[in-house]
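Written below as structure tokens is the structure these notes are about.
Here, each number is a calculation from the coordinates, and none is a lab measurement. What you are looking at is a predicted structure, and each value in this text was computed from that prediction instead of being measured. Don't worry about glycine lacking a Cβ; one is built from the backbone with ideal geometry, like all the others, and counts go over all protein chains shown.
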Amino acid sequence: MNDTPGWASPGSAPSDGQETGVPRPAEPADESGPASKWSKAQPPAGQCSAPTAPRTDPVPGPPPAPGWGGGQPHGSWGRTPAAAKPGVIPLRPLGVGEILDGAVSTLRAHWRTVLGVTITVSVISQICNILVERYLLPDPPEVDPNASPSEALSQSVDSLQSSLLAMGPSLLITLIGTLFTTALLTMVISRSVLGRPVTLSEAWHEARPRLPQLLGLTLLLPLMSAAIMAVGILPGVLLGNGAGIALALLGGLAASGVILWLMIRFALASPALMLERQGVIPSLRRSAKLVQGAWWRTFGILALTLLLTLLVSMIIAVPFSLVAYVVDGSSFSDLFAGTTPDFGWPFLIITGIGSVIASSITYPISAGVTVLLYVDQRIRREALDLELARAAGVPGYGSEPPGNHSTRS
């Protein structure tokens, strides 16, 4: 068990089958419950790990903690040991609220480090976006309201091409910013689970060796999505008639479904790559194993997180946008005139400040949920809670897992 931010050893407890040496709760006596397929090598009932000194008098545990699943057999009926909580989460299977609360608690507990990461990356990203938008992108094409149908179609195509061209640099800048925030925040959150402080320099020292692999993963997923979408719509595009348009729409919908399924299946690849020192392809396989059997739960948690972060971003960004329109008088008048606004420096600066504030709050929450969801899946499938408790120095868990004599990375 590694007690550094990359505390997880990928070979210690594989998710695609429980092996001996990984303690699990005792199975039900009638072997009809959900634990009927557990390994036969189980500790005695009501005991998650060997205590430091044997006891002869049974000590009843406190009531089951919320979200643990107290209705399932775990030792004596209705009684389970209290879960250790050395950091921002209790070391047991987590509920949705606990995952979200853990992400917010990380922001509160390590706010200097977290905000140092997010504000720095957000400011640099916004400055690059403003400069690109102001000096490098061409002006949007003019739209003639009195154009004929054929001219209107041509103008629509030109406008779409201009929008896609404008999105390219912004997406690239966002991709690079997400790369650094993901790498650094993953290390911060891994320390917060163990209840240990972390500085920005320490997080950077741990994350820097993994940046090339994380860049490969960050580029591979969008390219994979683009290739799937191209395959879906290409037959309809080649036909070119009305039936081709319908076929392209159907192919696009089917491709979108495949992309969504794959993105959820690979949602935990980033923390696996960072914390387990995995390569790009092994991290994808690792995420697929962890998400297997929990796709809908993973999708629901990530969708809820996306909805919450979008709401927070809108609550912050909308007032800044209104103020920017008021301050930049030309843009405000153009908006009501129905023409394309010519945004000036005041508008770009004010909206950029709003984007920085929104990103500084939403980035840690999104990254925290992803990492804690990864931790939760490993707790549920591999008893990672026992290893985390040992690494955090919780009394009664020992310093190393039984039979684990591997060298620490």
Derived scalar couplings ³J(HN,Hα) [segment 205-222; Karplus, 6.51 cos²θ - 1.76 cosθ + 1.60; whole Hz; x for Gly, Pro]: 4, 6, 7, 4, x, 9, 4, x, 5, 5, 4, x, 5, 5, 7, 5, 5, x
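Using Cβ counts within 10 Å as a stand-in for footprinting exposure, how do 276, 202 rank, fewest first? Let's see the in-between values first.
On the way: 276 22, 202 17.
In increasing order of surrounding Cβ atoms, one gets 202, 276.
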Relative to the compact-globule estimate 2.2 N^0.38 Å (N residues), the Cα gyration radius of segment 209-308 stands at a ratio of 1.28
Taking 325, 374 and counting other C-beta atoms within 10 Å, the order from fewest to most: 325, 374
Which peptide among 113-120, 254-261 comes first, and what is the full order, when sorted by highest mean count of other Cβ atoms within 10 Å? 113-120, 254-261
